[in-house]
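What follows draws every value from the coordinates through simple rules; no lab data is involved. In this text, all values refer to a predicted model and were calculated from it rather than measured experimentally. Here Cβ is always computed from backbone atoms with ideal geometry, including for glycine, and neighbour counts include all displayed protein chains.
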Amino acid sequence: MSNSIIRVEALHKSYVNGSNSLHVLKGIDMDIQRGEMVSIMGSSGSGKSTLLNILGILDNYDAGSYHLDDIHITKMNETKAAQYRNKYIGFVFQSFNLISFKNAMENVALPLYYQKVSRKKRNNVAMEYLERMGLREWAHHLPSELSGGQKQRIAIARALISKPKVILADEPTGALDSQTSMEVMEILKEVNQTGIAIIIVTHENDIANQTQRIIRLRDGVIESNHINHSFKLESVEVN
Amino acid sequence: MFDKDRWQEIFNAIKQNKLRSVLTAFGVFWGIFMLVTMTGAGNGLMNGITDGFKDFASNSAFVWANNTTKPYKGFRQGRQWNFTNDDMASIRREVPEVDVLAPKLQGWNISNGENVIRGLKTGSFRVNGEMPEYNLIDPNEMVYGRYINDMDIHHRRKVCVIGERVYEVMFDKDEDPVGEYMKVSGVWFQVIGVARSKNPNINIGADKKEVVSLPFTTMQQTFNYGNDVHFFGFTARKGASVSETAEKVTQVLKSKHSIDPEDLEATGHFNVEEQVKMLNYMFLGINALIWIVGIGTLIAGAVGISNIMLVIVRERTKEIGIQRAIGARPWTIVSQILTESVFLTTIAGFLGLALGTLVLHAADMAIIAAQAAKTSEEGTFFKSPEIGLPMALIALAVLVITGLIAGLIPAQKAIRIKPIEALRHE
Ligand SMILES: Nc1ncnc2c1ncn2[C@@H]1O[C@H](COP(=O)(O)OP(=O)(O)O)[C@@H](O)[C@H]1O
Ligand SMILES: [Mg+2]
């Protein structure tokens, strides 16, 4: 077993729209270690979300290879893809993407519902995760009754409940004010401390600076990929 | 299947647009309601009609003589003639297809005024002469005693079987009439039974409840009918057609009486088999119509459900995308949509079924009440408008299948939603 949770080699992806073809990813090489916390930066339209969707098996790639936990991910049927997603990956979105008519606890428990865990059991587990997010007393509130920060914490709890190996977060703080953004980042760092790899797509330097490694995309290729020294410094400071 | 999370979505979808849900469900509701009430009404009509003759031998016919309409072998046209005992023997001999043969006498001329007397009780009733075999064509159940038998015929016994109305008039309530004597058109007869026809809707000449039946031979002798047979009924043997047999029988009769074989008017006959066939075709037609209308309405309802489900899927595109991203398999989504569709259809249909059954029950009650209130005892042509349990179960099965089919296209649409596309929907 190698030490990388995500390994991408010479990855290409084009969007074909009728006779138009848009080459978005033009040969991406990337290796993310187990338990690593990485940010992907780049200007709007540089292909960050496209890459993240492929990593999340929400979309196919055209050429190259992608290994998730040493499993070669190729074109597969949706049932299989759903199983991999449920088992390995937790998603956090910019717009939270909670189900509006389910309360906080039910939203968190949803991935376990798809694993056919009984309602009682999955709700108990969901309560534990809400507790960790400091949202126990909000368990029975609908998303519409919660603040943006609370919603994102619920979304993180939902991503965690199926015990994934990696969390993919597409601009998780994009809809939050800076104060709340920092709180969410603290939570993600805590999650990372438990050994779960995290990939954060962002275009905010403040956010990227809190990750161990920063990968910059530009026009579908990796422009730079380096260890974030300020992260280490910060860690030292904390210690 | 019974997880709350599954039903949450359904109730949420219904709740979010109550009017829309109700209007859609109404289509299916109406379809089933129509199917149930119309089938019930059809059954009521069928029960009402067939109940009046369901035990009547359907392979039977009745034959009578009319005046001739053609001159033949020196006889003028317009000659009056009638059947005789010898004719019956000829038919027996020459037409092997005839099974039961029951000659009858109708005592028109001896049924005038208060012709039946017993002590102080008197009544005016039709007097008929019957063979025991007639009970095989038009069966009776005996309220008291027995029907006319071969010994009565052979010994020309002065006995009689009376109808229910005759019993009511001539006897006290609950009195046993068997063995009692009555004067019928001036002659004493002993009552041997009270008959209740199993086919009260078929009456020839007089209401069967108001008839005094004498042994055929007794009546011929006692009231001077000689060898006359007024008309007769017969049944065709198994496999023989009633109309062909009737044709043979009339030809035999015509040749014995020197009547032109081409004289179609000289005999009349009533073919029960033909009538039953026609009724059956009519019922078949009614049923086909009911199912066409009912299924048609149901299909319209199903299309409505299908449409609403399509709208729901479109509204939920993003949610479906989220669910897919966090691990919902396509089958989870499909089964969700199908459950909703079947649920909507079945609930609506079940209400239709329930209301339809209720309406039929109310109609049944009304008919029973009307019948109890009715003084004159005429036959009813509408009875027990019900649908059976099998029909109800079929209706429910049809509903579930309808729901599944209605959900199929929306479900297809739902799984074609790609998670990324749904998530980009912002
Ligand atoms: N499903 C799609 N079909 C066609 N073009 C797309 C699709 N998704 C993204 N694109 C295009 O691909 C490019 C990269 O998009 P994206 O990966 O979302 O960039 P980023 O997340 O870095 O802003 C953009 O030009 C975008 O318009
Ligand atoms: Mg993006």
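Structure notes:
- Each Cα pair under 8 Å and six or more residues apart adds its sequence gap; the mean of these over the residue count of chain A is a relative contact order of 28 percent.
- Helix B:330-373 axis, angle to chain B major axis (alpha carbon atoms, nearest 10°): 30
- Chain B: most fluctuating residue of B:Gly327, B:Gly205, B:Gly44 per GNM, C-alpha cutoff 10 Å: B:Gly327
- Acute angle (nearest 10 degrees) that the helix A:178-193 long axis makes with the longest principal axis of chain A, alpha-carbon atoms: 80
- Loop-located trypsin sites (Lys or Arg not before Pro) in region B:1-93 (DSSP state other than H, G, I, E, B) with a sparse environment of at most 15 neighbouring Cβ atoms within 10 Å: B:Lys54, B:Lys73, B:Arg76.
- Only Cα pairs under 8 Å and 6+ residues apart enter the sum, and on that basis the relative contact order of region B:60-272 stands at 36 percent.
- Most positive-pole-ward Cα, A:Asn103, B:Trp7, B:Ile162, against dipole of the protein assembly as shown from beta carbon charges: A:Asn103
- Cross-link table A:Lys13/A:Lys87; A:Lys48/A:Lys120; B:Lys158/B:Lys238, entries beyond 28 Å C-alpha to C-alpha: A:Lys48/A:Lys120; B:Lys158/B:Lys238
- Relative contact order %, chain B, counting alpha carbon pairs below 8 Å whose residues are six or more apart: 28
- Within the shell defined by Cβ-Cβ distances under 14 Å, the residues around B:Asp152 carry a net charge of +1, with Lys and Arg each +1 and Asp and Glu each -1.
- Neighbours of B:Ala266 by Cβ distance under 11 Å: Lys/Arg scored +1, Asp/Glu scored -1, total -1.
- Going by neighbour counts of Cβ atoms within 10 Å, the residues B:Thr69, A:Thr173, B:Thr50 line up, fewest first, as B:Thr69, B:Thr50, A:Thr173.
- Cβ-based net charge around A:Ile215, under 10 Å, with every Lys or Arg adding one and every Asp or Glu removing one: +2
- Leading residue at positive end of dipole, region B:60-272 (Cβ point charges), from B:Ile259, B:Gln220, B:Ala102: B:Ile259
- When each of B:Lys73/B:Lys277; B:Lys183/B:Lys277; A:Lys121/A:Lys165; B:Lys104/B:Lys277; A:Lys80/B:Lys318 is checked by Cα-Cα distance, pairs over 31 Å: B:Lys73/B:Lys277; B:Lys183/B:Lys277
- With Cα atoms defining each centre, region B:69-110 and region A:1-67 are spaced 104 Å apart in the structure.
- Bridging of A:Lys26 to aspartates and glutamates at a Cα separation below 18 Å is possible for A:Glu9, A:Asp59, A:Asp62, A:Asp219, A:Glu223, once same-chain residues fewer than 8 apart are set aside.
- Between helix B:18-51 and chain B: long-axis angle, C-alpha atoms, 0 to 90°, nearest 10: 10
- Per-residue ellipticity at 222 nm from helix content only, as computed over chain B with -39500 (n - 2.57) for each DSSP H run of at least four residues, stands at -18000 deg cm²/dmol.
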